[in-house]
1. If packing is taken as the average number of other Cβ atoms within 10 Å across a peptide's residues, how do A:470-479, A:530-539 rank, most packed first?
2. Given a Förster distance of 25 angstrom, what is the FRET efficiency for residue A:206 paired with residue A:282, based on the Cβ-Cβ distance and rounded to 0.05?
3. Tell me the volume per residue, in Å³, of the convex hull enclosing the alpha carbons of region B:58-201.
4. If each Cα of region A:621-660 is one equal point scatterer, what is log10 of I(q)/I(0) from the Debye formula at q = 0.15, 0.23, 0.31 Å⁻¹?
5. Assuming R0 = 60 Å, can you tell me the calculated FRET efficiency for the pair residue A:554 and residue A:24, based on Cβ-Cβ distance, to the nearest 0.05?
6. Determine by what factor the alpha-carbon radius of gyration of chain B differs from 2.2 N^0.38 Å, reporting the quotient.
7. Figure the gain on full extension for residue A:369 and residue A:577 (residue separation times 0.36 nm, minus the Cα-Cα span) and round it to one decimal in nm.
8. Only counting other Cβ atoms within 10 Å, I'd like A:93, A:639 sorted with the fewest neighbours first.
């Protein structure tokens, strides 16, 4: 057997205790640790402020340069630097604490810790917190890009761990980069079955034990709880998806796709706001005129509570309440992609009777005094000529249609915003129209309110779903008419019907469906939707249904725990089977041939004891099998020559020997002399 | 810090006592866990019944970290974080498995050590076989304070050397050794005790400044002028047990085999090294004196005879004779019969 010399490093090794002699890291493990920090911070770099990322990148590069040269900055430099950078990170969030502040601090500390990296212990704690940073990134964003970045982080962190451990045990010859990465990937691949079992079957919490920490900064786009003309404008420019919807049956026509968001009923002369206390009362009743639509909606995170539903939702899913005005409101802010199973009526009568006629009528016609006198005068004049609410509506819409223009860049409005809009600028977008129209109705004595939400959507033929983008944000009015209840009036459609028929692009000339990269966009949107569905949408409710194919209708945590245990066991067995099967190098063909030679001899009655050398065995075999003595000696001799002086034998000769070994057959016995079993202890391996 | 507190010494004593008692019970119930007494025949194959695993301190830290990650992810129902947590957790578990497998099936086939004089470190050489199934990385061997790490390629044999301190002549049992690994991530300590049934001989320490050799009269005339290391008579291949100073390094490098200088058997006078002639010394000092003389006589190329109670060796000279003499001296009965084989 060829002897390999021990990789015993005379310098420091970690002993059994490890701590007694702290091991200094070598350059290679230092650099791996630095690389792991960079990789683990990659996901965070996607969500942290750009300037902080730049500062951290510079610090990281400086730290790597110092590590390469083996320079340790003195404490007088490190401490103020740490305080400075951490302070700057805090200042970026105005010293408010939230998830994002925490993540920024963690990233800062990780990079700064590199400056004092010396020992294996330091490296391990840095690597541990680096893993934590990847996880923290997921609290801020959960897109597929994030997961890719985090996966990369895990690979590099584990590789760095292996590198540090190898250095610690004093391996002088480290594997090459490729081998290293491959072994990490193998480790991860072998871990995947157990990880999947845990992910799908580990019992989930239906409700959190403690609240999700908020964020210090509001950075997400979405509808707000109030509306002043000019607000949504920023949304119109945001082309990112707000909502993805898959209908169970046929989708309603696009012009009927009004996605109901917060309903605003209080006007202070300038902006519309919700009246939260009124929304706690039982929802206004709905008469449904056609079969309700069922659909599954996947709403992008907004950090707000509203849940969008097709006008009007009939029931609230879990964790969501149906407000009085038939808007859906989640119990907690939506900070990640959420899936809702919803049903809505498109043909309906909402609130045929006002539940509290006097109070409601008063509430929905209330206006601040001394605002918009010209509008009030106009409406008073109209009311003198007609008392029919429908006639008032018709007049207002006709007027809009005749004299107003739709633009995304309207002039700013002053104190009497409705007056200035109606009699001055005469241009605006949905907010202006909805606000002005609702005010006019209230002045005409008709209960009215503003509904904010989204209008329209784009079919994604690839995924079979509809995408509603933030640019589809919209506002419209609802007026209450005797016997008809709350009726949706969209004054914008009177001005710019194309806005409703074709979406915003219908007005601006571009068409989202016709651009050359539409298929690409569809495909990527489909990928994101599938990701959301598979990965983000999996929650306690879905988990309970997971075992349905196995006959478990509604799995409780005990069943799930059992299933998890079984699946984890199976996964472990799978891993074990794969690990046990592994063979780093295939057996040499000559070795295999020699084994077959030994098997033939064993069949002839001479078995080789493990401790027996080939030549000694050959002599014994030759003595017991005189007929084959010469052949056995010759083959064994050549084999021994190969085994112990491998380099000297030409490959052709090796092949020849292998063939000869395989071809060996013991001559048939003549005498009755069965060979005695081998000497030595029979029980020994 | 603890030791300075009043009563701490007593507490410490109690703790040590308790741990000893636990170890005694463990030795009885779980011989593989402690392996104090049970001696094993070589080769020893490590199997699952004798391999133990505990997380190392960094392993505990990582475990805690992953637990926090998982609980947080479950609480926030954050699926990607949960996936990440489970992947890391099961990667830790797989690393445990892989570390365990790098010990399992490892064979200790041989332990050798050349005799040294008491007080010199004894270099033990352990031969481990990897077996044909896997190569093994990051294995460490520990005995007492000393330890060495090694890796073995598939199907190969690794020879690991550890220095054993010696203090007393006579048989020195190898004692129990620990084979452990932290491979591959350093998060688990996986170990197995081996207590091979081997002992090595420790020669007596030669007296530092002994009087000159007691030459007998007939051997006065011719002296062999050749000192060792001047002109080797011939070279032969290294055999286990040859002293390192005899290795001809230059020639070895040229031929690729370790070559050892062999000296001509010199012709010198005979000396009688008699136990009775050093009767004035205490027991152990006599042994040390005789050891010194034996070494001196060999170095000077004399033929010498060793006379100790019950044994007469020689007259002869040469390596074999030298070792035979030293062995006889090493194995002289101990003055008090308790000390032998008590080294742990």
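Every read-out reported here was derived from the displayed coordinates using simple, explicitly stated rules and does not represent laboratory data. The model shown is predicted, which means the values in this text are computed figures rather than measured ones. Note: ideal-geometry Cβ built from the backbone for every residue, glycine included; neighbour counts use all protein chains shown.
1. Working: A:470-479: 25.3, A:530-539: 17.5.
Descending packing order for the listed peptides: A:470-479, A:530-539.
2. Numbers: r = 25 Å, r/R0 = 1.01.
Working from the Cβ atoms, E equals 0.50.
3. Working: hull volume 14.4 nm³, N = 144.
In region B:58-201, the Cα hull volume divided by residue count equals 100 Å³.
4. Log10 of I(q)/I(0), two decimals: -0.38, -0.72, -0.98.
5. On the way: r = 57 Å, r/R0 = 0.96.
So the FRET efficiency works out to roughly 0.55.
6. Numbers: Rg = 27.5 Å, N = 344, 2.2 N^0.38 = 20.2 Å.
That ratio works out to 1.36.
7. Values: separation 208, 0.36 × 208 = 74.88 nm, distance 8.01 nm.
Contour length minus the Cα-Cα distance gives 66.9 nm.
8. Details: A:93 19, A:639 22.
Neighbour counts put them in this order, fewest first: A:93, A:639.
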